[in-house]
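Peer 1: Handing you a structure now.
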Amino acid sequence: MGNNPLKNGSGSSSWLHKYKPSASCSIHIMVAALVWSGVGLMLLIRGLINLWHIGPKAFWFLPLFLLLGFFKGKVMLTKSAKKNIDRIKGRPEGKYCIGGFMPWKAWLLVAAMIILGRLLRSSPLPPTLIWGIYAAIGEALLIGSLLLWKEWFSVVQKKKL
């Protein structure tokens, strides 16, 4: 009973610090790029496949959805990616958990977006609109991830020199 460092309080922070999966800034940037790219690709593909199953009429709206996704990616998500890069690079090297590639408030936003996606799929909105939104958000995430990848490659190149 007295040997448990989490219970007696004397070693809890050192135990957590010792076993925390911390990562370097370059790893945080790479993980952010992977997550943004992976989720973006999944949403884009899911949207396109479901639009395909709806039929040819649905594809008439695809240019509009992709245009909206492009602007969302360029205007909003590129700015978010830049803020995330600056936040990561402004921290001490190797002191933050691997999940710290996003601030904790962003994790709450991710949870909210998952719930909203579920609600959207079960809504009475037309399927073309639902899957077009998926494709647009997926494209926007992919565009936003480009800045993260560019930064990660830049950091990796600097380490090689």
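Peer 1: Could you identify which residue out of S24, S80, S122 has the top mean-square fluctuation in a GNM of the chain using Cα springs shorter than 10 Å?
Peer 2: S122
Peer 1: Another question, then. Pairs K57/K83; K74/K105; K57/K82; K57/K105: which are spaced more than 31 Å apart, C-alpha to C-alpha?
Peer 2: K57/K83; K57/K82; K57/K105
Peer 1: On C-alpha positions alone, give me the angle between the axis of helix 62-71 and the longest principal axis of the chain, in degrees, nearest 10.
Peer 2: Taking the Cα atoms of the chain, the angle to 62-71 is about 40 degrees.
Peer 1: Compute the angle between helix 104-121 and the longest alpha-carbon principal axis of the chain, please, reported from 0 to 90 degrees and rounded to the nearest 10.
Peer 2: 30
Peer 1: OK, next. What length, rounded to one decimal in nm, is gained on full extension from R46 through to R91, with 0.36 nm per residue of separation minus their alpha-carbon distance?
Peer 2: Length gained between R46 and R91: 12.6 nm.
Peer 1: I would also like to ask the following. Taking the chain as the reference, fit the longest principal axis to its C-alpha atoms, fit the long axis of helix 78-89 to the helix C-alpha atoms, and give the angle between the two in degrees, 0 to 90, nearest 10.
Peer 2: 10
Peer 1: Expressed as cubic angstrom per residue, what is the convex hull volume of the alpha carbon set of the chain?
Peer 2: In the chain, the Cα hull volume divided by residue count equals 154 Å³.
Peer 1: Mind sorting M102, M76 by how few other Cβ atoms lie within 10 Å of their own Cβ, fewest first?
Peer 2: M76, M102
Peer 1: Just from its helices, what would the mean residue ellipticity at 222 nm be for the chain, if runs of 4 or more DSSP H residues each count -39500 (n - 2.57) and the sum is divided by every residue, rounded to the nearest 500 deg cm²/dmol? Show your work: numbers first, answer last.
Peer 2: Values: 8 runs with 120 residues, N = 161.
After summing the helix terms and dividing by residue count, I get -24500 deg cm²/dmol.
Peer 1: What residue among N50, L109, L68 has its Cα farthest toward the positive end of the dipole of the stretch 22-160, where the charges are +1 on Lys, Arg and -1 on Asp, Glu, each on the Cβ?
Peer 2: L109
Any read-out appearing in this document is the output of simple, stated calculations on the displayed coordinates, not a laboratory observation. Values in this document were obtained by computation on a predicted structure and should not be read as measured data. Glycine also receives a Cβ, built like all others from the backbone with ideal geometry; neighbour counts cover every protein chain displayed.
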